[in-house]
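Notes for the one structure printed next.
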There are 2 protein chains.
Amino acid sequence: MQNNLSKELLANLRDWIEEGRDTSIQEVLAELHPADIGELINELRREEAVYLYRTLEEEKAADVMLELDEDVREKLLSSLTSREIAEDLIENIDSDDAADILQDLSEQKLEEVMALLEDEGQASDIIDLMTYEEGTAGALMGKEMVRVNQNWTVAQAIREMRRQGEDIEHIYTIYVVDDKGQLLGTLSMKNMIFASSSMRTTIRELYKDGKVRTVNVNTPADEVARVMQKYDIVAIPVVNDNEMLVGRITIDDVMDVIQEEADKDYQLASGISEDVEYGDSILTLTRARLPWLLIGMAGGMCSAYFIGVFDIEANPQMAIFMPLIAATGGNVGVQSAALVVRALANQSALDETLWQKLAKEFGVGLLNATVCSLIIMLVSQLFHFEFALSLTAAVALFSVIIFASMSGTWIPLTLNRFGIDPALATGPFITTTNDIIGLVIYFSVGHYFLRTFGESGFSLF
Amino acid sequence: MQNNLSKELLANLRDWIEEGRDTSIQEVLAELHPADIGELINELRREEAVYLYRTLEEEKAADVMLELDEDVREKLLSSLTSREIAEDLIENIDSDDAADILQDLSEQKLEEVMALLEDEGQASDIIDLMTYEEGTAGALMGKEMVRVNQNWTVAQAIREMRRQGEDIEHIYTIYVVDDKGQLLGTLSMKNMIFASSSMRTTIRELYKDGKVRTVNVNTPADEVARVMQKYDIVAIPVVNDNEMLVGRITIDDVMDVIQEEADKDYQLASGISEDVEYGDSILTLTRARLPWLLIGMAGGMCSAYFIGVFDIEANPQMAIFMPLIAATGGNVGVQSAALVVRALANQSALDETLWQKLAKEFGVGLLNATVCSLIIMLVSQLFHFEFALSLTAAVALFSVIIFASMSGTWIPLTLNRFGIDPALATGPFITTTNDIIGLVIYFSVGHYFLRTFGESGFSLF
């Protein structure tokens, strides 16, 4: 099964929709994976999308719905009847996906859909899942899992599992519970099949007890991701405050969390508000980017103000090294902040303390500052710049690098302490801050040195 | 099982190692997950690490080895005998992990270890895996998998699986092959157990055929990750050029690839060479950061040159808006490049073409440029700046934003076409380029406007 997506296929589908050639459409879509069909629908106009969606057979349509971009999905859902949503869609998907989808419906439509659901167990599962706050294990978990009582025999368990597991794609783990529903341990399918010498062995004799790693419904999603990644867990059981097993989170859900976290950090570091991509409209893209540019502009205007205050007209030669000072300050700040953001994302109890971090960063800053300011001193003397100017540039650069290292470390750590995303401190924010501070340092140093050592004449080369 | 790591524990372990209190060490480590023990060993000195490692029982020691930071692992390995590596370590881990570890050994030690391996099947698996180029599916795959012949009965298959599956932690999928070893289809454990009415049913009657998504041994790792993520595949079979099944890649291997890709992009965007983290030494950290700072400095010196050429002394007021122009150009460039890098990472056949991308980016640039230059015109007039200077700033800003949008899109796309990582175009590289070009545009515009509209006097406020 290869990836057959192409622009020609998309164009063909559009024609066939126009002409109502359902058989051609169905023949082509039958060969495609739901993820591919979703990608095609993302490119269609609303009416085309609805038409195509309705040609799909029920179960596949449900899978396709889960693959759509969020905005496309919302549009498509608003064109479907409540009965279509309830009977064709929701009853064919897992409770956690259902909860995600229903969250986007209007309150009235939500009520209609819930009333139409025939499987009451599923309905109550969905309502339960919708109560958890977004970004917690509760909101991430699915209710579908295989749960067996420790007192069952293997034969009983297999019978029950056949019933419970019907709708579950991958049975990673079988959860063993007591009569109250409290989680006792886990059992892999492999162990159940291979370890039991007879079908009458009880589950109690087979499972590993006492060592199950669980997360609470309120554990934040990124902490869940960290635990599953660190301990290589493919499916983690979720328990409520009474240690009752209420759901499970699988590795593919967590992979999405990891990807989103990484994307978010990357976008913040690049000065883009969350959640845009190339496919979005020009207006959306501009809305995500303009605010950061304005922050940078505001910084630029502050710089303009300081340059005025420091009377550039009296010492116009000072302009020469302004870009170098500002750029280096910005670069150092971003480096420091990025390292802190990554360290915070992979926090460990064995990590260095704040003071150890600052001390280390001071060391790195000192090394970088020494090398950079020696180079600038050397180069500017080679090019016969005025000595006072060279000295100003070197001393200012040294101070700026040290300062930017410290602030780049300290700012994200402080944001994090106050519960603000430390990644905010990367990108345009820190560059701008360091631009301004760099210039203030540079002009202050220059003001003193040029007055002290300054020659009256001024020649660039 | 909770996370019990703490600095006290680390200190205690150090004391016990010093005093040779093996029982205390073993008691504590028995309670910890290999990943946690790995984290502790990462903090120890070499001799301490070796001592601690040797107190672990064989299988756990092998798991711990896989969790160590690469540099710590190399040091530890060089302190172990070839016999320890072969008999205690390699024979207890999967072939793909073994290949990774052995790659770090000296040629001589590698030969010694290979000669000591008792399981010849494993030895040849390892040798096979070591031939694949890093970053390909072949280097990522494991040889351990469950493979059944289509002509076997369920009873036969279970017997075979019990043998093959002994060392496999998760049997995600059972691979069905013909007599030649060609992959015919897959079967989940669940289906085999639930779907067969009798133990004498043959596998041929149970498996799904024809629709198995595979990757070739030479498929790049990031492409494997993209496919598995898109199609929600937990374990993908790897075939050679003759369509023979040679291995499988599981989702946890791929999760590491995704994390590494994201980390790499993030580090490049922040101006840090690959693969450093806060725990590294000051020298390592400086080595990863200094080259980027030097790139920025070189840019700053080019800027200094142009400022000299454009004779800042004659128009010192031009210095006022230099930081604003440079910063905005840099910010716009980074935004554009970051969006391209992400789009390339999630490439699809339905994507816009290069020209459509450039056209869209031009649209976004136009919008941003209009807003930003209007603001700068307005603000600088409000503050009674010279009209010619305000106009210069506004026109230059407009041009710089458009230019930076275009180059920020075009540069990573071009790098990618020539097989260079497009993420290189984010971070200091693009900021520096746009700094310089921004200033050149600004001074060129200023040169013309100040001569044309310039007042003779110059007042900042």
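The Rg/Rh ratio of the range B:244-288, with both radii computed over alpha carbons and Rh defined as the Kirkwood radius, is 1.20. With θ taken as phi - 60° and the Karplus curve 6.51 cos²θ - 1.76 cosθ + 1.60 applied, the whole-hertz 3J(HN,Hα) list for the range A:385-394 is 6, 3, 4, 4, 5, 4, 4, 4, 4, 5 Hz, x standing for glycine and proline.
Diagonalise the Cα gyration tensor of the range A:282-453 and give the resulting equivalent ellipsoid semi-axes, square root of 5 times each eigenvalue, largest first, whole Å. Intermediate results must be reported in sequence, preceding the final value.
Working: eigenvalues 189, 95, 29 Å².
Sorted largest first and rounded, they come to 31, 22, 12 Å.
Taking every Cα-Cα distance in the protein assembly as shown and sorting them into 20 Å bins starting at zero, the pair-distance distribution P(r) comes out as 12, 39, 33, 13, 2, 0 percent. Under a model in which nothing but the beta-carbon of Lys, Arg (+1) and Asp, Glu (-1) is charged, the range A:7-137 shows a dipole of about 600 debye around its Cα centre. The Cα trace of chain B gives Rg and Dmax of 30.4, 101 Å, the first to one decimal, the second as a whole number.
Divide the volume of the convex hull of the Cα atoms of the range A:7-137 by its number of residues and quote the answer in cubic angstrom per residue.
108
Each of B:79, B:126, B:115 was placed along the dipole of the range B:1-147 (beta-carbon charges, centred on the mean Cα), and the one lying farthest toward the positive end is B:79. Partner shielding of B:339-352 amounts to 5, given as the average count of beta-carbon atoms from other chains within 10 Å of each residue beta-carbon.
In summary, the convex hull built on the alpha carbon positions of the range A:352-461 has an orientation-averaged projected area of 8.0 nm². Panel note: the C-alpha atoms of the range A:277-341, placed on their principal axes, show extents of 50, 30, 16 Å (largest first).
Per the Debye calculation on the range A:146-250 with a single equal scatterer at every Cα and no solvent contribution, log₁₀ I(q)/I(0) for q = 0.12, 0.19 Å⁻¹ amounts to -0.39, -0.96. Across the identical copies, the label point of residue B:204 (7 Å from Cα in the Cβ direction) is separated from its matches by 4.5 nm, in order from shortest. Mind giving me the nanometre distance, one decimal, between the label points for residue B:120 and residue A:349, set 7 Å out from Cα along Cα→Cβ? About 4.9 nm separates the two model spin labels.
Taking each of A:230/B:357; A:208/B:211; A:264/B:143; A:190/B:60 in turn, the alpha-carbon distance tops 31 angstrom for A:230/B:357; A:208/B:211; A:264/B:143.
Annotation: lysines with alpha-carbon distance below 19 angstrom to residue A:360 (same-chain offsets under eight excluded): B:7. Work out the P(r) tail for the range A:55-94: percent of alpha carbon pairs separated by more than 14 Å, whole number. That fraction is 43 percent. Simple point charges give the picture: +1 on the Cβ of Lys and Arg, -1 on the Cβ of Asp and Glu, and for the range B:282-453 a dipole about the Cα centre of about 320 debye. In the neighborhood of residue A:321, defined by Cβ-to-Cβ distances under 15 Å, what is the net charge if each Lys or Arg adds +1 and each Asp or Glu adds -1? Spelling it out: positives minus negatives among the neighbours equals -4. Taking one quarter of the surface of the convex hull spanned by the alpha-carbon atoms of the range B:83-234 gives a direction-averaged projected area of 9.8 nm². Residue-wise HN-Hα couplings along the range A:283-296, as the Karplus relation 6.51 cos²θ - 1.76 cosθ + 1.60 with θ = phi - 60° gives them from phi, are 5, 4, 4, 5, 4, 6, 9, 4, x, 5, 5, 5, 4, x Hz; Gly and Pro carry x. A Cα-only calculation for the range A:210-274 places Rg and Dmax at 13.9, 47 Å. The helix-only estimate of mean residue ellipticity at 222 nm for chain B, built from DSSP H runs of length n ≥ 4 each weighted as -39500 (n - 2.57), is -19500 deg cm²/dmol after division by the residue total.
Overall, chain B carries a charge dipole of about 2680 debye about its Cα centre when +1 sits on the Cβ of Lys and Arg and -1 on the Cβ of Asp and Glu, all other atoms neutral. Database remark: amide H of residue B:208 closer than 5 angstrom to the amide H of B:186 (H placed geometrically; neighbours at sequence offset of 5 or more, or on other chains; Pro and chain starts carry no H).
Which FRET efficiency value, to the nearest 0.05, is calculated for residue B:418 and residue B:159 with the Förster distance at 45 angstrom and r the Cβ-Cβ distance? So the FRET efficiency works out to roughly 0.25. Taking every Cα-Cα distance in the range A:169-310 and sorting them into 5 Å bins starting at zero, the pair-distance distribution P(r) comes out as 2, 8, 13, 13, 12, 9, 8, 7, 6, 6, 5, 4, 3, 2, 1, 1, 0, 0 percent.
Readers should treat all values here as calculations from the given coordinates under stated rules, not as data from a laboratory. Please read all numbers here as calculations on a predicted model, not as lab measurements. When we count neighbours, we look across all protein chains shown, and the Cβ atoms used for this are built from the backbone with ideal geometry, even at glycine.
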